[in-house]
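Trainee: Here it is, the structure in full.
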Amino acid sequence: MAPAHHHILLLGGHGKIAQLLTPLLLRRGWDVTSVIRTEEQVPVIEKLGPKSGGGKLTALVRSLEEVKSEGDAKRVLGETNAIDRDAAIHFIRAAAATPSVKRFLMISYLGSRRTKPAWWSDDAWASAEDVNNRVLPAYYRAKLAADEALYAASKERGSGFVGINLRPGTLTLDPAGKVELGKTKDSRGKVSRETVAKVADLLLAAEGVKNTWLDLLDGEEEMGSAVERVVREGVNAAEGEEIF
């Protein structure tokens with residue numbers, strides 16, 4: 001039996017994590033359309049393709065800041081198929097309303113939540129609240145709105161549309177390594193961008209993954225084992241939130 005065809009629409013394709021993720025997806029034989037902001041970014045994206053083999057890579061120049069409605073998002077989806085808040089939510093809703101779109105993986109951050117999770121200490125929650133309310137309040141509100149929109153859209157459409165919210169800690173340029181994935185013991189910690197890209201690749205390919213939030217830090221578990229475990233056990237860091 002021939003493997004199912006996959007086509008990935010990669011929003012923010014010029015970002016560091018996206019550039020690390022692109023070759024991984026192509027090596028699976030999946031086609032990737034990388035949405036970037038300017039023509040000047042096209043050569044950078046095109047260099048990610050030739051050595052990767054397998055899938056087809058296309059650079060699509062569209063500023064996400066110009067996505068003002070679900071209709072705008074659908075037009076981008078249409079071109080590939082025959083920042084942080086409004087455009088993301090429009091794309092989520094458009095994707096959920098498009099039967100051919102099966103999975104939507106979004107990169108958020110570990111502290112993006114409204115409620116202290118049962119697995120964090122009071123000190124860990126106080127640290128997260130300090131970042132959310134004092135250091136990055138606008139970013140927090142934007143990311144949380146998008147996170148909740150994806151969870152709600154996946155929940156509403158059901159198993160035909162899986163929302164995967166990958167939520168790393170402080171990003172580094174270190175090489176990829178072992179991980180703590182799912183419900184992390186703390187709100188503080190680091191993880192490399194390369195690790196985020198590799199875990200995202202594994203999650204997109206995982207059989208049986210469901211609508212979920214998964215927090216991510218450097219840790220002691222092999223990436224493949226960690227992904228297999230959280231999928232098998234149905235781990236969901238959205239637990240405790242009103243949307244859960």
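Trainee: Filter the stretch 28-44 down to the residues that are of a type in the set (Gly, Ala, Ser) and either closer than 11 Å to residue 62 by Cα or in contact with a strand residue (DSSP E or B) (Cβ under 9 Å, 6 or more places away or on another chain) (or both) and list them by number.
Mentor: The answer is 34, and nothing else.
Trainee: Look through 190, 185, 198 and report the one residue that is farther than 20 Å from residue 147 by Cα, modelled with pLDDT of 95 or more and under 15 Å from the mean Cα position of the chain (by Cα).
Mentor: Residue meeting the stated conditions: 198.
Trainee: In addition: Limited to the stretch 75-125, what total is found for residues that are more than 25 Å from residue 209 (Cβ to Cβ) and not in a loop (DSSP other than H, G, I, E, B)?
Mentor: Residues in the stretch 75-125 being more than 25 Å from residue 209 (Cβ to Cβ) and not in a loop (DSSP other than H, G, I, E, B): 8 in total.
Trainee: If you scan the stretch 110-164, which residues turn out to be closer than 15 Å to residue 91 by Cβ and hydroxyl-bearing (Ser, Thr, Tyr)?
Mentor: Matches in the stretch 110-164: 151, 154.
Trainee: For the stretch 126-231, give me every one of the strands (runs of 3 or more DSSP E) that falls completely inside it and has 3 or more residues that are at positive phi, touching a Leu at 6+ places or on another chain (Cβ under 6 Å) and of a type outside the set (Val, Ile, Thr).
Mentor: Per the criteria, no element qualifies.
Trainee: Go through (1) of a type in the set (Ser, Thr, Tyr); (2) at pLDDT 90 or above; (3) under 25 Å from residue 168 (Cβ atoms) for residue 52 and report which single condition fails.
Mentor: (2)
Every residue, every condition in (1) basic (Lys, Arg); (2) surrounded by fewer than 20 Cβ atoms within 10 Å (Cβ to Cβ), yes or no:
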site	(1), (2)
150	no, no
157	yes, yes
178	yes, yes
185	yes, yes
193	yes, no
196	no, no
202	no, yes
221	no, yes
234	no, yes
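Trainee: Right, next: Inspect the stretch 109-132 for any residue being aromatic (Phe, Trp, Tyr), surrounded by 15 or more Cβ atoms within 10 Å (Cβ to Cβ), under 15 Å from the mean Cα position of the chain (by Cα) and modelled with pLDDT under 95 and give the result as yes or no.
Mentor: Among the residues of the stretch 109-132, not one is aromatic (Phe, Trp, Tyr), surrounded by 15 or more Cβ atoms within 10 Å (Cβ to Cβ), under 15 Å from the mean Cα position of the chain (by Cα) and modelled with pLDDT under 95, which makes the answer no.
Trainee: Report every pair of residues separated by at least 6 positions or lying on different chains whose Cβ atoms are under 8 Å apart, first residue within the stretch 187-199 and within 18 Å of residue 105 (Cα to Cα) and among the basic types (Lys, Arg), second part of a strand (DSSP E or B) and modelled with pLDDT of 95 or more.
Mentor: Cβ pairs passing all conditions: 193/171; 193/172.
The values are calculated or read from the model by the stated rules, or taken from the named source; none is laboratory data. Please read these numbers as outputs of a predicted model, since none were measured by experiment. Cβ coordinates were reconstructed from backbone atoms using ideal geometry, including for glycine residues, and neighbour counts include every protein chain displayed.
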